[in-house]
Amino acid sequence: MSDLFFYGTLRHLPLLECVLGHPLSQIKISQASLPDHAVYGVAGQAFPMIVPEKGSQAMGLLVQGFSAEDLKRLAFYEGGFDYDLSPHGVDVADGSRAEASVFFPEPELWTPDKPWSLQAWVDEWSEVTLLAAQEELAYYGKVDATTIARNFAPIRTRAWAKLAARKRQTGDPRDVAKDVIVQSHRRAYVNYFGVEELDVQHRQHDGTMGPVLHRSGLMQGAAVVVLPYDPVRDTVLLVEQFRAPVFLIDDPEPWMWEPVAGMIDPGETPDQAAHREVQEEAQVSLNALEYAGGAYSSSGSSTEYVYLYVGLADLTRTIDNGGVATEGEDIRTQILPYDAFLKKVDNNEFKDLPLLMMANWLARHRDRLRG
């Protein structure tokens, strides 16, 4: 069946156009409803689900005239959410009735939350969802829907980071619309990280456009780094975990002592992410945050932007079971007196750059924090 009923995010026409990859003038769209059903938000997620509910009406759109390719693209996109098509009769706004397929979630996969509002979703989530969809659909025909489903969370994290990056201005008068020319842009790889490639020209310091350069970037979300510090006891807390990239470069010591660190989830502020990550990794509740700056961690290779904090806390215990098990984290902590910590820094006993940065910041601000 080529007619579909949309009750959720695909009622947002810019998103539907992105998924289809062509103008909506090629299909017919009508207001409609699905009787004896209701639309609820999914607990802990930014998208809705439909459930049977006697006497309710699920409002939505009847979309007709899809091509076989359209249906394949829709199945690819919705497959990333673990939704499958099911045929149902819908009531059209003109009083007629039509048969249409509806995307239903896999039974018991999601937990319904409160009733879902399209306008509330548009106001809060449409921008990040559209950016994520652009990345997802760039891999249509290259990877299967299972790959997209597995990487749905990091794709949205990257989209959320891109929205934040667009606001990151310091007063540079140059205009990328005039001073950067993209000859080609390819999304080359998708997983927990993504890789994108560019053939690009940029305006040089003498005013001329430079040669075409082939460049690539490791696409990541934004992150927080937090060094917990107890100003009363004058101690710091570090976390240790295995780091695969350090192992891959043949470093014989891939277990790294670091500050707490983690990605900023969609919908989170950096401050909120900082509090959450310290609780997850170190099981410590922070009393306050001291912002120590933000910067790109490796601007020649990665899009990751890091927000740096010293987190003030009562540091009284260490653990060896920190982290989120579903993310494969196996973390232990240690508490060091400040002088012992700084001695290790000066003796080059740490290999984590953010930790060295936070040590230098703390050295400059320690007296104020203790006072």
>> If DNA, RNA and ligands are ignored and the probe is 1.4 Å, what is the ranking of Leu16, Leu198, Leu286, Leu353 by accessible area, most exposed first?
In response: Leu353, Leu198, Leu286, Leu16
> Given the pairs Lys114/Lys162; Lys72/Lys114; Lys72/Lys142, which span a C-alpha to C-alpha distance of over 21 angstrom in this model?
Replying inline: Lys114/Lys162; Lys72/Lys114
> Which of the lysines could be linked to Lys343 by a straight reach, that is with a Cα gap under 17 Å, when you skip same-chain ones fewer than 8 residues away?
Replying inline: Lys351
>> Exposed loop sites here are trypsin sites (Lys or Arg not before Pro) in DSSP loop states with at most 12 other C-beta atoms within 10 Å. What is the longest stretch of the chain lacking them?
In response: 175-316
> Roughly how compact is region 4-102, stated as its Cα Rg over 2.2 N^0.38 Å to two decimals?
Replying inline: 1.04
> Tell me, what is the 1.4 Å probe accessible area of Met263, in Å² to the nearest 10?
Replying inline: 40
>> P(r) for region 211-251, please, calculated from all Cα pair distances in 10 Å bins and given in %.
In response: 17, 26, 30, 18, 7, 2
> In degrees, nearest 10, range 0 to 90: what is the angle between the Cα axis of helix 270-282 and the longest Cα principal axis of the chain?
Replying inline: 70
>> I'd like the accessible area for Asp144, computed on protein heavy atoms only with a 1.4 Å probe and all protein chains in place. Round to 10 Å², please.
In response: 90
> Which order do Ser216, Ser30 take by accessible area at a 1.4 Å probe, largest first?
Replying inline: Ser216, Ser30
> Of the labelled options (1) 0.96; (2) 1.01; (3) 1.04, which one gives Rg/Rh (Cα atoms, Kirkwood Rh) as computed for this structure?
Replying inline: (3)
> About the Cα centre of the chain, what is the dipole size in debye to 20, counting +1 per Lys and Arg Cβ and -1 per Asp and Glu Cβ, all else neutral?
Replying inline: 880
> If exposed GluC sites (Glu not before Pro) are those in a DSSP loop with at most 16 other Cβ within 10 Å, what is the longest stretch of the chain that has none?
Replying inline: 109-328
>> Can you show me the helix-derived [θ] at 222 nm for the chain, built from DSSP H runs with n ≥ 4 at -39,500 (n - 2.57) apiece and divided by the number of residues, rounded to the nearest 500.
In response: -9000 deg cm²/dmol
>> Can you give me the orientation-averaged projected area of the convex hull built on the Cα atoms of region 173-257, in nm²?
In response: 10.4
> Taking the Cα centre of each part, how many Å lie between region 266-333 and region 110-188?
Replying inline: 23
> Given N residues in region 149-294, what is Rg(Cα) / (2.2 N^0.38 Å)?
Replying inline: 1.33
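The values are calculated or read from the model by the stated rules, or taken from the named source; none is laboratory data. All figures in this text were calculated on a predicted structure; none of them were measured in a lab. Note that each Cβ is placed from the backbone with ideal geometry, even for glycine, and that neighbours are counted across all protein chains shown. What goes into the accessible areas is simple: the full protein's heavy atoms, side chains included, and nothing from ligands, DNA or RNA. Shrake-Rupley method; radii C 1.70, N 1.55, O 1.52, S 1.80 Å.
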